[in-house]
Amino acid sequence: VHIADPMNNADDLAKMAAIAKREGVEEVVIGLTYSVSPVHTDAYYGERAAAIGRCPDVDRLYLKDPGGLLTVDRLRELAPLFLASGLPVELHSHGTIGLAGLTYLEGAKLGFGTLHTAVAPVANGTSNPAAETILRNLEAIGQSHRLDVEALARVSEHFRALAREKRLPLGAP
């Protein structure tokens, strides 16, 4: 289960992780929500990532960028802080202003082992980047992945057919 709190309160996140584990959740992933403000400094994220890393009920940590505001340069500054948590790290961004695809490629290079994506018919815009595009770009820069591309194609076609049936625009938010 993924747990995020826009206030990034490490104590609250740790409590929620403990509740989830107590209720039988096998894997708890905590998200620290990214924002651009005078408060959201390296020290702010470093302190919270370290606190989450010390939580015995957390299995992975992710950087959650719901506004799609994370730049490649800012990710380079934040990545060491998240990696220092000692937990496997993930990256979650939205394509709202077009930065997520580039940020994901840099994230993979920096050590983010999981990139949150969507299948192409429902991707981009306010959604996550398209898995198919991210995979091709990762391969182009020499990165590997373990996704079953045939299964991905079947899922993508399912949603493409559903969008056609519902007369929803493909390739548009």
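Restricting the stretch 112-132 to residues that are part of a helix (DSSP H, G or I) and at pLDDT 95 or above leaves a set whose member that is least open to solvent (accessible area, probe 1.4 Å) is A131.
Looking for something open to solvent by less than 30 Å² (accessible area, probe 1.4 Å), assigned to a helix (DSSP H, G or I) and in contact with a Gly (Cβ under 9 Å, 6 or more places away or on another chain) - is there at least one such residue anywhere in the stretch 133-148? Within the stretch 133-148, one or more residues are open to solvent by less than 30 Å² (accessible area, probe 1.4 Å), assigned to a helix (DSSP H, G or I) and in contact with a Gly (Cβ under 9 Å, 6 or more places away or on another chain).
None of T96, T103 is among the β-branched types (V, I, T) and under 19 Å from Y45 (Cα atoms) except T103.
Residues in the stretch 149-173 that are loosely packed, with under 13 Cβ neighbours inside 10 Å and hydroxyl-bearing (S, T, Y): none.
The values are calculated or read from the model by the stated rules, or taken from the named source; none is laboratory data. It should be emphasised that the depicted structure is a prediction, and the values quoted were computed from it without experimental measurement. Quick reminder, even Gly has a Cβ in these numbers, built from the backbone with ideal geometry, and neighbours come from all protein chains shown. Ligands, DNA and RNA are stripped out before the accessible areas are found, and what is left, the full protein with its side chains, is counted by its heavy atoms. Shrake-Rupley method; radii C 1.70, N 1.55, O 1.52, S 1.80 Å.
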